[in-house]
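Below: one structure, written as structure tokens.
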Ligand SMILES: [Zn+2]
């Protein structure tokens, strides 16, 4: 189904489940594991409803880090099956209601070590286990994400291809456009396409400004569908990924990223530029919330279930149309409408 949708036009991805649930109180920053899918399923369901109503075409099962290596860290490896099953079930219930597509989810395992061939087998075993627990509960295709080693991505791709389901492989690039095993980005994606990936692309770490230039190169290097899922946190050319932004003299990741959240207008602009670039799957990652997704969908010409609640600034009493102005203080009115730089009342 995902491939048919992509052939017919742009597919809008969802937002950053992990960070949105952390912000709402249902994920512990640090382990960042998704045990909430069995402990607080309603909280997970609500975020997926919020993304669905904001205009996402795809809901990713909230199974990020639901693999043995990470669940061991929190003493919950025995819940591996239930977490993976439930993550897909919840996404599928919401997807059915809104006519959306469910993506199973795999991510970097932290097990893969390029210097130890034994870890290849273990990585494959962990991907296979996640796939096995997810696949029977309504998965249309699988996304492998935030992978930095080309070889680990290939292992994920092989595991997905063994199921016959479509595959989307997204790699993460922090500073240099090379995989951690030293392969130039364009070559890495060509290899993934040659190995049978249906959709390739970039996700996480970088904001849209720092991701789109890379995405353009990917677009020019492969002929398959291309995806972008940038973070919703502001980065800079000097600090191109969100985990190294500094706030108040220290690293903001992961609990003080609030001042870096991009505006919905910036995310909407990203969606439009990605479309112009020929990106087929336009999504987002950490820090991106429902209001971003709705603005992106509307920028792409869609009307979403929650477009009913989109801004109607003209009805605001102070900054709306003239007939609604109720602000009695001329200076405040002027400052709110035109900003300090253009306010006629503020001393220059
Ligand atoms: Zn992310």
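The values are calculated or read from the model by the stated rules, or taken from the named source; none is laboratory data. Predicted model only: the values in this text are computed from it and were never measured. So basically every Cβ, Gly included, is an ideal-geometry build from the backbone, and we count neighbours across all protein chains shown.
Of note:
- Conditions (1) at positive phi; (2) in contact (Cβ under 8 Å) with a residue 60 or more places away in the chain; number of the one not met by residue 289: (1)
- Against the criterion of being under 29 Å from residue 151 (Cβ atoms) and within 16 Å of the ligand (Cβ to nearest atom), residue 104 does not qualify.
- Any hit, region 210-228, residues being within 16 Å of the ligand (Cβ to nearest atom), under 23 Å from residue 11 (Cα atoms) and free of Cβ contacts under 8 Å to residues at least 40 places away in the same chain: yes
- When each of 295, 289 is tested for being touching a helix residue (DSSP H, G or I) at 6+ places or on another chain (Cβ under 7 Å), within 16 Å of the ligand (Cβ to nearest atom) and assigned by TED's automatic domain parsing to the domain that holds residue 266, the lone residue that passes is 289.
- Identity of the residue in region 91-112, surrounded by fewer than 16 Cβ atoms within 10 Å (Cβ to Cβ) and part of a loop (DSSP other than H, G, I, E, B), that ends up modelled with the highest pLDDT: 99
- So residue 164, is it in contact with a helix residue (DSSP H, G or I) (Cβ under 8 Å, 6 or more places away or on another chain), over 29 Å from residue 269 (Cβ atoms) and surrounded by fewer than 17 Cβ atoms within 10 Å (Cβ to Cβ): no
- Exclusive hit being surrounded by 20 or more Cβ atoms within 10 Å (Cβ to Cβ), modelled with pLDDT of 95 or more and either in contact with a helix residue (DSSP H, G or I) (Cβ under 9 Å, 6 or more places away or on another chain) or not in a strand (DSSP E or B) (or both), set 59, 3, 71: 59
- Identity of the residue in region 6-26, touching a helix residue (DSSP H, G or I) at 6+ places or on another chain (Cβ under 9 Å) and more than 24 Å from residue 295 (Cβ to Cβ), that ends up nearest to the ligand (Cβ to nearest atom): 26
- Breaking point among (1) in contact with a strand residue (DSSP E or B) (Cβ under 6 Å, 6 or more places away or on another chain); (2) more than 19 Å from residue 146 (Cβ to Cβ); (3) assigned to a loop (DSSP other than H, G, I, E, B), for residue 271: (3)
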